[in-house]
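These notes are about the structure you will find just below.
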Amino acid sequence: MDIHDLSNEFPITRQYNFLDNAAVAPISRRAAQAMHAYVDQAQESGPVDSEWYARADRVRQLAAQLLNASTEEVTFIKNTSEGLSFVANGLPWHQGDNVVTAAGEFPANIYPWMNLAPRGVQLKMVPEHDGCIPLEQLIEAIDSRTRLVTISAVQFASGFRTDLAALGHACRQKGVLLCVDAIQALGVLPIDVQAMQIDFLSADGHKWLCGPEGAGIFYCRRELLGQLHPSTPGWVCMVDAKDYGRYHFEFRPDARRFDSGSYNIAGILGLGGSLELLLELGVDRIARHVLDLTDRLAAGLTGKGYRVISDRSPTHASGIVAFASGRHDHSQIRQWLHHQHRVIISCRRGRLRASPHVYNTPRQIDELIELLPAHGCAAACPQRTSASCIAAPTAIDRSQTPT
């Protein structure tokens, strides 16, 4: 498959220069087709000969392949928060235990741990330093009462990528568990739960996995399945789930022990369509392409006078480039790009944020750079915060395949 021409898989490219995959990504055509097929069958024949759950198990295999995990260690979740809450609510905590994380984490990776305060569990936050979370400070924050470190693979507001292999090694040496919020990395950067010594991982599918919202992936290391008590037991998670007339309270021995009830089949099958596409392209290839795009963007932004906040070193670079202007209003820039030029980026924590994916092209990166108001313009403009003083470049015809 040509990684440089994915416009058929992502029709959004015909209408927008969409550079906001760290928010909610467009679903792939594969995902849409899988969901349409489910809806058609559900409408025409219902569950008769559907094998929907067998298809879901195939998606489970794809998810395990993406993580380098076994299928027994993977199950489905509604969202990232649910998977993180499985861990927070399922571990046997003791008064005085603590959890180490980073300040600036997305709230999904904060509130489940704050919720443990009534049980005497402290949440320790390592501060961000100019867009970075120093690994040595995370490790130094671990003490004799630390039970778990929970961290985003990539920070949502800065794009800082955690060195998970180094952190996983340190946690394993210290006898501390490692929990990863992988929603800003899974699908665009390689994640190997074995090599990185990750104990728990959670990620919804609506960002870099290019799947629908409400269908994600949860991983629990095999050796910990029996130690993590399911917090929302239901009929599906039991050993004899289909023996409806007999109550036998025994959790399944695999990750399906966390499944409380019926699956979001439409969402899971849609997620499976995108997983097939991403695995065919190869995550290593996707990462190289996206990192080339973000390197190009960072260089262009610097040349235009913007401050690039994201660490662009090989260890910490990601698919997110956070940047700031000392002269222009970020919200006005974002709205102007959207409404006048159909270029989509975000504002997060007082920063502009661009996040291209595999279907984006160098030409689209160059368009964003060219459109952004130059810093020298503000001094000459009556309205220092207005982007309208910048002459627009030649419009791109989005009805054609981007090159």
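The values are calculated or read from the model by the stated rules, or taken from the named source; none is laboratory data. Predicted model, so just to flag it, every value in this text is computed and none were measured. Positions of Cβ are generated from backbone atoms using ideal geometry, with glycine treated the same way; all protein chains shown enter the neighbour counts.
Overview of results
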quantity: Single condition LEU6 does not satisfy, out of (1) touching a strand residue (DSSP E or B) at 6+ places or on another chain (Cβ under 6 Å); (2) over 20 Å from SER202 (Cβ atoms); (3) buried (at least 19 other Cβ atoms within 10 Å of the Cβ); calculated: (1)
quantity: Search result, residues across segment 262-273 that are crowded, with 23+ Cβ neighbours inside 10 Å and farther than 20 Å from GLU72 by Cβ; calculated: GLY267, LEU269, GLY270, GLY273
quantity: Long-range neighbours under 7 Å by Cβ, at least six apart or interchain, first residue assigned by TED's automatic domain parsing to the domain that holds ILE191 within segment 136-165, second basic (Lys, Arg) and not in a strand (DSSP E or B); calculated: ILE142/LYS174; ALA157/ARG349
quantity: Some residue of segment 267-277 being among the small types (Gly, Ala, Ser), over 23 Å from GLY205 (Cβ atoms) and under 19 Å from the mean Cα position of the chain (by Cα); calculated: no
quantity: For ILE217: the one exception among (1) buried (at least 21 other Cβ atoms within 10 Å of the Cβ); (2) not in a strand (DSSP E or B); calculated: (2)
quantity: First in segment 80-92 and surrounded by 20 or more Cβ atoms within 10 Å (Cβ to Cβ), second anywhere and aromatic (Phe, Trp, Tyr), Cβ under 7 Å, 6 or more apart; calculated: GLY83/PHE218; PHE86/PHE218; PHE86/PHE258; VAL87/PHE200; ALA88/TRP113
quantity: Test: LEU293 is assigned by TED's automatic domain parsing to the domain that holds GLN364 and out of contact with any strand residue (DSSP E or B) (no Cβ under 7 Å at 6 or more places or on another chain); calculated: yes
quantity: Among (1) charged (D, E, K, R); (2) farther than 23 Å from GLY211 by Cα; (3) in contact with a helix residue (DSSP H, G or I) (Cβ under 9 Å, 6 or more places away or on another chain) - the single one ARG334 does not satisfy; calculated: (3)
quantity: Cβ-Cβ under 8 Å pairs, at least 6 apart or on other chains, segment 192-219 side closer than 24 Å to GLN173 by Cβ, far side assigned to a loop (DSSP other than H, G, I, E, B) and β-branched (Val, Ile, Thr); calculated: ILE198/ILE191; LEU201/ILE191; LEU201/VAL193; SER202/ILE183; TYR219/VAL193; TYR219/ILE198
quantity: Filter pass, TYR53 being crowded, with 17+ Cβ neighbours inside 10 Å and either over 26 Å from SER346 (Cβ atoms) or among the β-branched types (Val, Ile, Thr) (or both); calculated: no
quantity: Search result, residues across segment 133-172 that are within 16 Å of ARG348 (Cβ to Cβ) and touching an Asp or Glu at 6+ places or on another chain (Cβ under 6 Å); calculated: SER152, PHE160
quantity: Scan of segment 283-299 for residues that are more than 17 Å from the chain's Cα centre (by Cα) and either surrounded by fewer than 18 Cβ atoms within 10 Å (Cβ to Cβ) or of a type in the set (Asp, Glu) (or both), ordered by number; calculated: ARG285, ARG288, ASP292, ASP295, ARG296, ALA299
quantity: Checking SER85 against (1) more than 30 Å from GLY350 (Cβ to Cβ); (2) polar (S, T, N, Q); (3) touching a Pro at 6+ places or on another chain (Cβ under 7 Å), the condition it does not meet; calculated: (1)
quantity: Residues of segment 99-146 satisfying the condition of being assigned to a strand (DSSP E or B), within 20 Å of the chain's Cα centre (by Cα) and closer than 17 Å to LEU84 by Cα; calculated: THR101, ALA102
quantity: Enumeration of residues in segment 315-343 that are surrounded by 20 or more Cβ atoms within 10 Å (Cβ to Cβ) and outside any helix (DSSP H, G or I); calculated: HIS316, ALA317, SER318, GLY319, ILE320, VAL321, ALA322, PHE323, SER325, HIS328, VAL343
quantity: Residue in segment 247-261 that is within 18 Å of LYS78 (Cβ to Cβ), part of a loop (DSSP other than H, G, I, E, B) and touching a strand residue (DSSP E or B) at 6+ places or on another chain (Cβ under 8 Å) present; calculated: yes
quantity: Criterion: under 17 Å from the mean Cα position of the chain (by Cα), farther than 20 Å from ARG58 by Cα and surrounded by fewer than 22 Cβ atoms within 10 Å (Cβ to Cβ) - qualifying residue of PRO233, PRO190; calculated: PRO190
